[in-house]
Amino acid sequence: MIGRLSGKVAVVTGSGQGIGKAIAVLMAQEGAAVVTNNRSPDSPGGTAIDTARDIKAAGGKALPIFADVSTEEGAKLLIGSAVRDFGTVDILVNNAGRGATALVEDITVAKWDEQMGVCVKAAFLCSKFVIPVMKKQRCGRIISVSSRVGLHGMAGMAAYAAAKAGVVG
């Protein structure tokens with residue numbers, strides 16, 4: 001552990017598994033207290049509790065929060081919990097996302113909207129609610145994770161590509 005993030009608080013959306021979990025664990029290894037997040041405690045493949053447990057087992061500080069960050073209430077809950085338990089937020093990683101595989105003519109409007117919500121709207125809402133915290137301390141970092149699919153597209157992934165392009169924008 002190098003400790004480059006000692007004394008910092010990081011919030012990582014979508015950190016129950018995959019890339020989000022890896023980001024959360026690495027930030028904790030660097031000394032940050034990490035708020036882990038995913039929508040539901042019954043997510044297959046891993047949850048915010050699993051990631052927080054791994055961080056704590058390695059001697060780090062972590063707080064798992066289940067919240068749908070594509071909703072105003074969920075994003076407020078996530079950021080508010082970080083501030084309540086750790087006093088601030090220094091780093092926000094907008095990582096939440098999932099791929100919706102379907103051709104344009106086959107995807108439903110509901111699935112399209114869900115994809116935009118989890119990628120674009122969630123990044124907007126979490127950023128919106130963390131910016132006042134960061135402005136007050138006159139410092140902070142917001143990192144939004146996209147995908148090469150958001151830059152180049154991919155057959156059968158129109159909704160995901162559009163959503164990740166929205167994150168880039």
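Some observations on this one:
- Test result for THR51, hydroxyl-bearing (Ser, Thr, Tyr) and in a strand (DSSP E or B): no
- With respect to (1) in contact (Cβ under 8 Å) with a residue 60 or more places away in the chain; (2) out of contact with any helix residue (DSSP H, G or I) (no Cβ under 9 Å at 6 or more places or on another chain), the lone exception for GLY7 is condition (1).
- Residue list for the stretch 106-121, restricted to those being in contact (Cβ under 8 Å) with a residue 24 or more places away in the chain and among the hydrophobic types (A, V, I, L, M, F, W, C): ILE107, TRP112, MET116, VAL118, CYS119, VAL120
- Count - residues of the stretch 70-84 that are in contact with a helix residue (DSSP H, G or I) (Cβ under 9 Å, 6 or more places away or on another chain), open to solvent by 10 Å² or more (accessible area, probe 1.4 Å) and not acidic (Asp, Glu): 5
To keep it simple, each residue is scored yes or no on (1) without any contact (Cβ under 8 Å) to a residue 24 or more places away in the chain; (2) under 30 Å from ALA155 (Cβ atoms); (3) crowded, with 18+ Cβ neighbours inside 10 Å.
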| site | (1), (2), (3) |
| --- | --- |
| GLY20 | no, yes, yes |
| GLU30 | no, no, no |
| VAL34 | no, no, yes |
| GLY45 | no, yes, no |
| ALA48 | no, no, yes |
| LYS56 | yes, no, no |
| PHE86 | no, no, yes |
| GLY99 | no, yes, no |
| VAL104 | no, yes, no |
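- Residues that are basic (Lys, Arg) and in contact (Cβ under 8 Å) with a residue 24 or more places away in the chain, drawn from the stretch 126-169: LYS128, ARG141, LYS164
- Residues of the stretch 133-169 that are assigned to a helix (DSSP H, G or I), open to solvent by 60 Å² or more (accessible area, probe 1.4 Å) and of a type in the set (D, E, K, R): LYS135, LYS136.
- Counting only residues that are of a type in the set (S, T, N, Q) and touching a strand residue (DSSP E or B) at 6+ places or on another chain (Cβ under 6 Å), the stretch 41-87 holds 3 of them.
- PRO41 satisfies every condition listed in (1) in a loop (DSSP other than H, G, I, E, B); (2) open to solvent by 20 Å² or more (accessible area, probe 1.4 Å); (3) modelled with pLDDT of 95 or more except (3).
- LEU26 vs. criteria touching a helix residue (DSSP H, G or I) at 6+ places or on another chain (Cβ under 8 Å), at pLDDT 95 or above and outside any loop (DSSP other than H, G, I, E, B): no
- LYS121 vs. criteria farther than 16 Å from VAL93 by Cβ and either open to solvent by less than 30 Å² (accessible area, probe 1.4 Å) or assigned to a helix (DSSP H, G or I) (or both): yes
- Within the stretch 80-100, the set of residues being within 8 Å of the chain's Cα centre (by Cα) and among the aliphatic types (A, V, I, L, M) comprises LEU92, VAL93, ALA96.
The values are calculated or read from the model by the stated rules, or taken from the named source; none is laboratory data. This is a predicted model, so every value here is computed, not measured. We place every Cβ from the backbone using ideal geometry, glycine too, and count neighbours over all the protein chains shown. For accessibility, only protein heavy atoms count, side chains too; no ligands or nucleic acids. Shrake-Rupley method; radii C 1.70, N 1.55, O 1.52, S 1.80 Å.
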